[in-house]
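Worksheet: one structure, shown below.
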Amino acid sequence: MDFSLTEDQQLIADGFAELMNDDSWEPYFRECDDKHEYPQRWVKSICDLGFDRILLPEEYDGLGLDWSTLAAAYEALGRAGAPTYILYQLSGWDTFIREGSDEQRDAILSSVGTGNQIVNFAMTEPSAGSSWNDMRTTYTRKDGKIYLQGQKTFQTSGMHVPYMVVMARNSEDMSVYTEFFVDMSSKGIKREPLNKLGLRMDSCAVIYFDNVELEEKDIFGTEGNAFMRGVQDFDQERFLVALSNYGTAYCAYEDTAKHANERVQGTKPIAAYQLIQEKFCNMKIALTNMRNMLFEIAYKHDHGTMGRGDCSMAKYYCSQASSMIVDNAVQIFSGVAVTGEHRLQRFYRDIRVDHISGGTDEMMILTAGKQALREYRK
Ligand SMILES: Cc1cc2nc3c(=O)[nH]c(=O)nc-3n(C[C@H](O)[C@H](O)[C@H](O)COP(=O)(O)OP(=O)(O)OC[C@H]3O[C@@H](n4cnc5c(N)ncnc54)[C@H](O)[C@@H]3O)c2cc1C
């Protein structure tokens with residue numbers, strides 16, 4: 001199979017690579033990471049090049065392109081050291097076009113081109129992480145209104161998004177899980193920031209909902225369909241995390257290859273030592289596998305043949321493989337990596353968090369393993 005980019009994909013990727021070919025981005029990312037700030041200026045710049053329109057259908061003024069093109073864009077940005085993990089909101093339009101009311105969809109699409117953070121999905125609670133069985137946030141109907149009560153935690157972008165899609169259970173029938181499109185300026189909502197090991201250019205929050213008054217029109221999708229909606233959209237979320245990890249690993253690999261050829265110890269560049277070469281062999285294998293896996297999944301998605309476990313497999317593999325690459329990069333850079341301000345420090349922290357956020361490695365294994373076996377069931 002040929003996974004080289006088409007002429008159009010190459011043009012798009014080149015546009016992003018050219019934007020990144022500016023030395024001022026890295027100090028900006030470092031500053032945003034240090035201050036735990038969203039890199040608005042950078043996100044706006046890539047939106048100006050059409051990043052957030054890649055998957056948006058043409059009837060909504062988008063480019064109506066595919067996962068393969070999105071993968072090419074992520075690859076170009078990640079390879080240049082960009083914090084692509086921040087971009088997850090900018091390609092999830094399909095969920096709002098498919099599930100949202102006209103009002104909800106328009107509220108979300110009004111952010112296209114701005115680079116602003118607009119929305120996130122709130123499932124996780126202190127008692128409900130990998131499993132949603134013990135979710136305690138409820139909704140109750142009273143006098144023609146709906147009241148949301150509970151608490152969500154580990155909410156990505158939670159400090160700043162103007163809207164959240166919040167999953168809750170019907171207090172009168174806890175088997176019914178429904179999502180609500182919540183205006184975060186509503187009365188009764190409190191947000192508290194959480195500190196994070198990595199992915200620091202995005203906020204993370206605990207959010208309290210104290211009898212937040214909603215209406216029937218605020219239901220997102222259909223009542224009782226929250227599980228199905230979540231499962232339907234997990235694949236894209238997992239694919240994006242895997243793409244992001246791959247790009248970060250690619251950047252770490254190239255930084256390190258240049259360094260190994262230049263750093264002289266004992267009269268030779270360290271690249272001449274076989275123990276260093278072994279690390280490059282393993283890094284190159286992992287990088288090649290990641291790219292082939294991701295572009296194959298994108299191709300399958302774009303041709304309607306993606307398997308149900310494919311994105312879980314990719315998220316799991318890419319988090320492991322990129323961790324190995326970044327860890328080896330730190331080892332090869334040695335003192336330079338662990339002191340000072342090298343971007344490898346940021347990569348090391350970011351990739352560690354991705355073994356957990358968006359679903360843990362263990363849950364990815366369970367999903368991918370189950371699907372692998374299903375193919376051989378009679
Ligand atoms: C930075 C970050 C951002 C996040 N963003 C969001 C967000 O925007 N929205 C949202 O809703 N959630 C978000 N999450 C929550 C994330 O999805 C959960 O953290 C994750 O699902 C794991 O839940 P937990 O942390 O409670 O761990 P737990 O579920 O308590 O798991 C603890 C450990 O047990 C393992 N484990 C659990 N069940 C099983 C099992 N059946 N078999 C084998 N092992 C198991 C896990 O893999 C893990 O190693 C985010 C988390 C992080 C860290």
- Query: Taking the condition within 27 Å of Val166 (Cα to Cα) and in contact (Cβ under 8 Å) with a residue 60 or more places away in the chain, does Gly113 pass?
  - Reply: yes
- Can you confirm whether the stretch 257-273 contains a residue that is touching a helix residue (DSSP H, G or I) at 6+ places or on another chain (Cβ under 7 Å), part of a helix (DSSP H, G or I) and β-branched (Val, Ile, Thr)? yes
- Which condition number in (1) within 17 Å of the chain's Cα centre (by Cα); (2) touching a residue at least 40 places away in the same chain (Cβ under 8 Å) is the one that Ser101 fails? (1)
- Task: Report whether or not Tyr299 is hydroxyl-bearing (Ser, Thr, Tyr), within 16 Å of the ligand (Cβ to nearest atom) and not assigned by TED's automatic domain parsing to the domain that holds Pro83.
- Result: no
- Kindly indicate whether any position in the stretch 73-84 is within 16 Å of the ligand (Cβ to nearest atom), touching a helix residue (DSSP H, G or I) at 6+ places or on another chain (Cβ under 7 Å), at pLDDT 95 or above and not assigned by TED's automatic domain parsing to the domain that holds Gln151. yes
- Among Phe181, Phe209, Phe220, Phe227, which is the only one that is in contact with a strand residue (DSSP E or B) (Cβ under 6 Å, 6 or more places away or on another chain) and modelled with pLDDT under 95? Phe227
- Scanning the stretch 142-173 residue by residue, those outside any loop (DSSP other than H, G, I, E, B), more than 16 Å from the ligand (Cβ to nearest atom) and touching a residue at least 12 places away in the same chain (Cβ under 8 Å) turn out to be Lys145, Ile146, Tyr147, Gln149, Asn170
- Query: Within the stretch 116-141, which residues are of a type in the set (A, V, I, L, M) and more than 8 Å from the ligand (Cβ to nearest atom)?
  - Reply: Ile118, Val119, Met135
- Message: Among the residues that make up the stretch 67-90, is at least one of them surrounded by fewer than 20 Cβ atoms within 10 Å (Cβ to Cβ) and either of a type in the set (D, E, K, R) or touching a strand residue (DSSP E or B) at 6+ places or on another chain (Cβ under 7 Å) (or both)?
- Response: no
- Give me the pairs: first residue in the stretch 182-202 and over 29 Å from Gln345 (Cα atoms) and in a loop (DSSP other than H, G, I, E, B), second residue more than 13 Å from the ligand (Cβ to nearest atom) and of a type in the set (Asp, Glu), beta-carbon distance under 9 Å, and six or more apart or on different chains, which are they? Ser186/Glu213; Lys187/Asp210; Lys187/Glu213; Gly188/Asp210; Gly188/Glu213
- Note on the structure: Scanning the stretch 340-378 residue by residue, those assigned to a helix (DSSP H, G or I), of a type in the set (Lys, Arg) and more than 16 Å from the ligand (Cβ to nearest atom) turn out to be Arg343, Arg374
- Message: Any residue that is surrounded by fewer than 16 Cβ atoms within 10 Å (Cβ to Cβ) and within 15 Å of the ligand (Cβ to nearest atom) - is there at least one of those in the stretch 91-107?
- Response: no
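Return the only residue of Arg352, Arg346, Arg263, Arg291 being among the charged types (D, E, K, R), touching a Pro at 6+ places or on another chain (Cβ under 7 Å) and either within 25 Å of Asp2 (Cα to Cα) or not assigned by TED's automatic domain parsing to the domain that holds Gly78 (or both).
Only one candidate qualifies: Arg263.
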- Message: Among (1) of a type in the set (Val, Ile, Thr); (2) in contact with an Asp or Glu (Cβ under 8 Å, 6 or more places away or on another chain); (3) surrounded by 16 or more Cβ atoms within 10 Å (Cβ to Cβ), there is one condition Thr138 misses while meeting the rest; what is its number?
- Response: (2)
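The values are calculated or read from the model by the stated rules, or taken from the named source; none is laboratory data. Everything numeric in this text was worked out from a predicted model, so none of it was measured. Virtual Cβ from ideal backbone geometry, glycine too; neighbours counted across all protein chains shown.
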